[in-house]
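Colleague: Okay, here's the structure, questions in a sec.
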Amino acid sequence: MIEFIAQNMAPIMFASLVIFLLIGYPVAFSLAANGLMFFFIGVVLSPYSGGSINLAWPLLHALPDNFYGTRVMSNDTLLAIPFFTFMGIVLERSGMAEDLLDTIGQLFGPIRGGLAYAVIFVGALLAATTGVVAASVIAMGLISLPIMLRYGYDRRVASGVIAASGTLAQIIPPSLVLIVLADQLGRSVGDMYAGALIPGLVLTGIYMLYILIMSIVRPNSMPALPLEARTLGHGVISLLVAVVVTGAISYAAYRYLAPTHGDNADILGFAVGVIIIYVVAILDQRLRINMMSKLAQQVVIVLIPPLALIFLVLGTIFLGIATPTEGGAMGAVGALIMAAMKGRLTMDVINQALASTTRLSAFVLFILIGARVFSLTFYGVNGHIWVEHLLISLPGGETGFLIGVNILVFVLAFFLDFFELAFIIVPLLAPAADKLGIDLIWFGVLLGVNMQTSFMHPPFGFALFYLRSVAARVPYLDRITGKQIAPISTGQIYWGAVPFVLIQVIMIGLTIAFPQMVMRYKGAAVEPSTIDLRLPDMPSLSPLGTPPANNNGAAPSNGGAPAAPGTPDLSQPPSFGDAPAKPAAPAPDLSQPPSFGDAPAKPTAPAPDLSQPPKFN
């Protein structure tokens with residue numbers, strides 16, 4: 001029995017960790033306690049394991065190095081987490097989400113499902129600026145949910161679209177989960193961001209496609225805004241004219257800057273066009289020139305600052321100007337500037353942002369420390385080999401592995417959030433994926449799409465909890481219409497999330513079926529046959545010890561003499577200086593014994609007479 005336990009320590013250790021988590025112990029302490037407990041057991045049972053346990057007491061000395069090494073305390077990559085968290089909370093407190101939802105809601109208001117489209121669009125923008133699910137869901141739940149209920153939206157549709165749009169912050173850069181996944185997979189955060197961009201936009205488009213289908217199948221579930229609710233009036237044509245003018249200015253600036261700035265001219269030209277239209281909109285509003293419609297003014301003034309912040313963060317990362325950590329720092333400074341411009345930057349906002357950032361950073365750090373303790377023991381009992389053999393042996397090869405892993409992560413997401421999945425499961429899956437030849441950036445993005453479901457799973461999805469905390473629990477009087485609005489039940493929130501969970505599962509399948517959505521991070525493929533290598537003309541070199549060659553590569557015909565004066569003859573030994581040649585020494589006579597020094601020769605002793613007996617004096 002002892003031998004059986006010793007030789008199967010890895011699966012027993014993993015099963016006990018799952019039990020600890022299901023009981024409800026904090027994740028960081030479950031990981032650390034599980035690792036230490038099985039370390040002691042493993043050291044005792046090591047003689048009975050047949051070599052499958054490689055643990056000894058001195059191995060505990062490696063823990064301080066693990067804690068203070070490049071994986072935890074000295075990990076520069078993880079600095080991006082507090083930067084992006086601080087940026088997101090400051091932006092949420094600055095009122096940016098409120099302005100965006102109001103303006104985009106007015107823009108899409110005349111069509112059925114317009115508020116739902118606005119929520120999805122703003123959710124994607126908030127994901128690209130804040131990267132924090134809680135901030136997005138709570139902000140949109142507080143602002144847009146009462147408006148959607150006021151104008152007759154189905155409660156399940158309204159709650160589902162708000163929760164799902166908030167989870168876009170999981171996959172659209174600068175996502176916190178992508179930072180953690182890149183760190184755990186040992187890959188670049190910039191590459192992970194570039195790989196996740198297209199899948200995030202495709203998922204946003206599928207959400208909008210679902211709203212379009214629902215607006216056709218069940219038109220009464222998402223009516224258009226009534227005319228009296230469109231406070232910004234009409235003006236879409238004016239907005240289109242502004243877009244066309246911006247494009248023309250950007251193209252002219254690009255043509256002007258192209259000779260001097262090369263590949264960056266298109267980005268600089270677009271920036272010039274956006275800045276000019278933004279200044280024009282502000283002057284038009286402040287001076288009451290009314291050159292643009294009120295709707296066009298508001299859309300330009302509200303949309304451009306977050307878009308500029310997105311470029312400041314993601315644009316500099318994708319262009320290689322800044323690392324993700326530096327991009328996060330610039331984003332935090334940009335968020336402070338935007339909040340100050342709106343007059344919302346107060347000490348209370350800064351204190352709340354710092355407190356939330358410190359809490360989340362400490363949470364991540366403690367989980368990472370617990371994961372290092374767990375992995376020290378798990379690797380010592382050859383757990384990584386057990387997991388690798390278990391996953392590689394799945395039928396179907398690479399496709400079977402991807403399907404099996406995604407089913408596992410989908411099920412575990414019912415009970416664990418994305419940080420716990422990233423720190424516990426991903427380090428066990430990555431070696432097997434790498435051995436099967438799977439690109440780890442593609443694998444990480446695939447897991448990131450899957451981990452979105454951890455926020456949407458009834459009954460444990462955190463996005464559902466966030467929405468439940470701000471949704472009405474009792475009937476209330478609407479402040480605009482004066483009508484009594486019925487509350488939203490927890491069951492309606494759960495049922496509203498189910499279609500979007502299914503959409504996320506479909507997106508997982510699309511990412512597996514079309515890996516090029518992610519693999520574009522490598523850039524355009526180069527055909528080897530089209531590569532033309534040209535070397536500059538160089539004088540031909542001869543091998544050492546051979547006569548120098550002519551231009552055609554042949555040896556000179558003058559017996560190896562140099563082709564031109566001053567060219568050294570490498571076939572002869574070098575000559576140093578003009579010292580006179582020494583006379584040649586006479587050849588030694590090898591038939592005689594050698595003579596050493598100038599000592600006088602000793603007389604030759606007479607030969608002994610061997611016919612007489614020897615005499616001893």
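The values are calculated or read from the model by the stated rules, or taken from the named source; none is laboratory data. Nothing here was measured: the structure is a model prediction, and the numbers come from that model. Cβ sites come from the backbone with ideal geometry, for glycine too, and all protein chains shown count toward neighbours. Please note that ligands, DNA and RNA were not included when accessible areas were found on the heavy atoms of the full protein model with its side chains. Shrake-Rupley method; radii C 1.70, N 1.55, O 1.52, S 1.80 Å.
Colleague: If I ask for residues that are within 29 Å of the chain's Cα centre (by Cα) and surrounded by fewer than 23 Cβ atoms within 10 Å (Cβ to Cβ), which ones from the range 95-115 would you list?
Modeller: Across the range 95-115, the qualifying residues are GLY95, GLU98.
Colleague: Right, here's the next one. Out of (1) within 26 Å of ASN290 (Cβ to Cβ); (2) assigned to a loop (DSSP other than H, G, I, E, B), what's the single condition that is false for VAL243?
Modeller: With respect to (1) within 26 Å of ASN290 (Cβ to Cβ); (2) assigned to a loop (DSSP other than H, G, I, E, B), VAL243 is out only on (2).
Colleague: A follow-up question, please. Looking at this structure, is LEU314 assigned to a helix (DSSP H, G or I) and touching a Pro at 6+ places or on another chain (Cβ under 6 Å)? Working first, answer last.
Modeller: On the way: assigned to a helix (DSSP H, G or I): yes; touching a Pro at 6+ places or on another chain (Cβ under 6 Å): yes.
Judged against the criteria, LEU314 is a match.
Colleague: Inside the range 145-231, counting only helices (runs of 4 or more DSSP H) that do not spill past its ends, which hold 3 or more residues that are surrounded by fewer than 21 Cβ atoms within 10 Å (Cβ to Cβ) and touching a residue at least 40 places away in the same chain (Cβ under 8 Å)?
Modeller: By residue number, 189-217.
Colleague: A further question follows. Go through the range 491-521 and count every residue that is closer than 18 Å to LEU145 by Cα and either surrounded by 17 or more Cβ atoms within 10 Å (Cβ to Cβ) or in contact with a helix residue (DSSP H, G or I) (Cβ under 6 Å, 6 or more places away or on another chain) (or both).
Modeller: Counting residues in the range 491-521 that are closer than 18 Å to LEU145 by Cα and either surrounded by 17 or more Cβ atoms within 10 Å (Cβ to Cβ) or in contact with a helix residue (DSSP H, G or I) (Cβ under 6 Å, 6 or more places away or on another chain) (or both) gives 7.
Colleague: Tell me, yes or no, whether the range 276-293 has at least one residue that is touching a residue at least 40 places away in the same chain (Cβ under 8 Å), out of contact with any His (no Cβ under 9 Å at 6 or more places or on another chain) and either among the basic types (Lys, Arg) or in a loop (DSSP other than H, G, I, E, B) (or both).
Modeller: For the range 276-293, residues touching a residue at least 40 places away in the same chain (Cβ under 8 Å), out of contact with any His (no Cβ under 9 Å at 6 or more places or on another chain) and either among the basic types (Lys, Arg) or in a loop (DSSP other than H, G, I, E, B) (or both): present.
Colleague: Is it true that some residue in the range 2-12 is within 19 Å of ALA422 (Cα to Cα), in contact with a helix residue (DSSP H, G or I) (Cβ under 9 Å, 6 or more places away or on another chain) and assigned to a helix (DSSP H, G or I)?
Modeller: Checked the range 2-12: no residue is within 19 Å of ALA422 (Cα to Cα), in contact with a helix residue (DSSP H, G or I) (Cβ under 9 Å, 6 or more places away or on another chain) and assigned to a helix (DSSP H, G or I).
Colleague: Could you tell me which residue of the range 41-56 is nearest to SER16 (Cα to Cα), considering only residues that are open to solvent by 60 Å² or more (accessible area, probe 1.4 Å) and outside any helix (DSSP H, G or I)?
Modeller: Result: ASN54.
Colleague: I've got another one for you. (1) more than 28 Å from ARG218 (Cβ to Cβ); (2) out of contact with any Phe, Trp or Tyr (no Cβ under 9 Å at 6 or more places or on another chain): which one isn't true of TYR153, the others all being true?
Modeller: Failing condition for TYR153: (1).
Colleague: Out of the residues in the range 382-409 meeting the condition of being of a type outside the set (A, V, I, L, M) and either farther than 22 Å from ILE12 by Cα or within 19 Å of the chain's Cα centre (by Cα) (or both), tell me which one is surrounded by the most Cβ atoms within 10 Å (Cβ to Cβ). Show your work before the answer.
Modeller: First pass over the range 382-409, keeping only residues of a type outside the set (A, V, I, L, M): 382-384, 386, 388-389, 393, 395-401, 404, 406.
So of that shortlist, the ones also either farther than 22 Å from ILE12 by Cα or within 19 Å of the chain's Cα centre (by Cα) (or both) come out as 395-401, 406.
Values: PRO395: 9, GLY396: 10, GLY397: 11, GLU398: 13, THR399: 12, GLY400: 15, PHE401: 22, ASN406: 20.
The selected residue is PHE401.
Colleague: So, one more: Look through the range 437-454, keep the residues that are open to solvent by 10 Å² or more (accessible area, probe 1.4 Å) and more than 12 Å from the chain's Cα centre (by Cα), and return whichever of them is modelled with the lowest pLDDT.
Modeller: Only one residue fits best here, namely GLY437.
Colleague: Here's something else I'd like to know. From the set of residues in the range 330-355 that are open to solvent by 30 Å² or more (accessible area, probe 1.4 Å) and small (Gly, Ala, Ser), which is farthest from PHE86 (Cα to Cα)?
Modeller: Residue satisfying both the conditions and the ranking: GLY343.
Colleague: Return the residue satisfying two criteria in turn: it lies in the range 17-40 and is surrounded by fewer than 19 Cβ atoms within 10 Å (Cβ to Cβ) and closer than 22 Å to ILE385 by Cβ, and of such residues it is farthest from the chain's Cα centre (by Cα).
Modeller: PHE40
Colleague: Let me ask something additional. How many of the residues in the range 1-16 are crowded, with 17+ Cβ neighbours inside 10 Å and of a type in the set (A, V, I, L, M)?
Modeller: The total comes to 4.
Colleague: Would you point out the residue of the range 356-378, among those that are among the polar types (S, T, N, Q), over 21 Å from the mean Cα position of the chain (by Cα) and open to solvent by less than 30 Å² (accessible area, probe 1.4 Å), that is farthest from VAL27 (Cα to Cα)?
Modeller: Only one residue tops the list, namely THR377.
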